[in-house]
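See structure below.
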Amino acid sequence: MDMSQPLDPLARTALWTASMRAREHEREDRLFSDPLAHVFAGDEGPRIMEQFEGHVQPGVEDPALAVRTRFLDDQLLRLDASGVRQFVFVAVGMDSRAFRLEWSPAVVVYEMDRPALLSLKEDIVRRLSVPTRCARVPLGVDLLTDWTTALLGSGFDPAQPTGWLVEGLLYFLEAQERDVLLRQLTSLAAPHSSLLADYVGQSVLDSPAMASWRARMAEQGHPWKSGSDRPEQLFEGFGWDVQVSAYGDPGADYGRWAGAAVAPGVPGTRGRYLVAAERR
Ligand SMILES: C[S@@+](CC[C@H](N)C(=O)[O-])C[C@H]1O[C@@H](n2cnc3c(N)ncnc32)[C@H](O)[C@@H]1O
């Protein structure tokens with residue numbers, strides 16, 4: 001790891017999710033293949049994963065990451081098959097989709113995250129000479145300020161329908177920060193662009209079942225700060241037609257959700273869910 005640019009606590013969560021993908025890759029019944037994940041996770045990813053899973057229910061794997069990865073892979077490939085050639089991965093972390101999905105020729109993927117995180121990722125990619133399956137444009141930005149100028153200056157075409165991926169980010173933002181980000185993103189999304197995301201219900205977040213998880217996340221410097229019980233309304237409000245799948249719904253289960261270790265939800269609300277939206 002490049003210690004001249006230490007990762008902030010929130011950026012470190014990208015090593016954790018990479019580690020969960022690495023573990024999924026090792027399963028015989030894996031939902032996706034991600035041979036780079038263990039390299040991107042480094043030594044620290046497995047440590048964080050163990051720390052958090054042990055805290056929830058020792059020895060029981062949380063299936064959410066595997067389900068969401070596969071769900072979003074399927075959605076991204078569907079967009080590619082429908083002719084979308086421009087994708088923006090917002091808070092990309094150590095996501096290796098640019099290297100592992102079978103993109104059509106001419107696909108460009110813009111990868112945005114903190115500069116230090118992307119610099120670490122680039123070191124790994126260069127060291128291993130990892131071939132990409134698309135044109136990949138890493139952009140070190142702060143998503144809480146003006147990231148749009150960097151994106152527009154890097155070749156991104158706001159007139160083209162774009163596939164936007166916001167995975168593993170929204171709950172780390174205050175509602176007001178989330179809204180600013182969604183407004184900025186929507187301003188660059190041509191009609192028929194798509195937005196893919198995961199999020200959590202506010203009632204679930206506030207429920208006693210989540211209290212110790214939230215406390216632990218906060219202690220480690222990366223608290224979950226917001227959720228929404230009305231994702232349809234939230235995304236529609238920004239100009240998107242929305243489909244929401246709760247984990248465990250048909251199409252968002254993949255045979256993994258029954259017996260999930262982490263509080264699956266509070267009756268009458270969406271617990272944790274996946275969003276697929278299209279710009280009006
Ligand atoms: C849980 S990780 C998710 C990474 C990846 N999308 C995944 O699902 O594996 C959260 C990511 O959000 C990024 N992030 C959070 N706040 C950010 C900000 N203000 N600017 C840029 N990146 C940010 C972190 O650096 C980290 O890579």
Are any residues in segment 134-171 within 16 Å of the chain's Cα centre (by Cα), small (G, A, S) and more than 8 Å from the ligand (Cβ to nearest atom), and if so, which ones? G163
Enumerate the pairs (first residue in segment 113-126 and under 22 Å from T145 (Cα atoms); second residue anywhere and among the polar types (S, T, N, Q)) with beta-carbon separation below 8 Å, excluding pairs fewer than 6 apart on the same chain, so at least 6 apart or on different chains. P115/Q5; A116/Q5; S119/Q5; L120/Q5
Considering only residues that are more than 20 Å from E167 (Cβ to Cβ) and assigned to a loop (DSSP other than H, G, I, E, B), which ones fall in segment 17-57? R27, E28, D29, D43, Q57
So which residues in segment 189-222 are more than 14 Å from L234 (Cα to Cα), within 16 Å of the ligand (Cβ to nearest atom) and in contact with a Leu (Cβ under 6 Å, 6 or more places away or on another chain)? H222
Residues satisfying the stated conditions in segment 82-122, i.e. part of a strand (DSSP E or B), open to solvent by 10 Å² or more (accessible area, probe 1.4 Å) and within 9 Å of the ligand (Cβ to nearest atom): D113
T186 versus (1) touching a strand residue (DSSP E or B) at 6+ places or on another chain (Cβ under 9 Å); (2) within 16 Å of the ligand (Cβ to nearest atom); (3) among the hydroxyl-bearing types (S, T, Y): which is the lone unmet condition? (2)
Of these, V137, V125, which one is farther than 29 Å from R272 by Cβ, at pLDDT 95 or above, assigned to a helix (DSSP H, G or I) and touching a Ser or Thr at 6+ places or on another chain (Cβ under 9 Å)? V125
Could we say that L10 is assigned to a helix (DSSP H, G or I), touching an Asp or Glu at 6+ places or on another chain (Cβ under 6 Å) and surrounded by 14 or more Cβ atoms within 10 Å (Cβ to Cβ) here? no
State whether the residues of segment 68-75 include one that is more than 13 Å from the ligand (Cβ to nearest atom) and open to solvent by less than 50 Å² (accessible area, probe 1.4 Å). yes
Yes or no: segment 48-59 includes at least one residue that is at pLDDT 95 or above and among the charged types (D, E, K, R). no
Name the strands (runs of 3 or more DSSP E) wholly inside segment 147-263 in which the number of residues that are open to solvent by less than 10 Å² (accessible area, probe 1.4 Å) is 2 or more. 162-166, 194-200
Only unsatisfied item for D73, checking (1) within 21 Å of S129 (Cβ to Cβ); (2) in contact (Cβ under 8 Å) with a residue 40 or more places away in the chain; (3) not in a loop (DSSP other than H, G, I, E, B), is (1)
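The values are calculated or read from the model by the stated rules, or taken from the named source; none is laboratory data. Keep in mind that what you see is a predicted model, and the values were worked out from it rather than measured. Every residue, glycine among them, receives a Cβ derived from its backbone with ideal geometry; neighbour counts consider all protein chains shown. Accessible surface areas use protein heavy atoms only, side chains included; no ligands, DNA or RNA. Shrake-Rupley method; radii C 1.70, N 1.55, O 1.52, S 1.80 Å.
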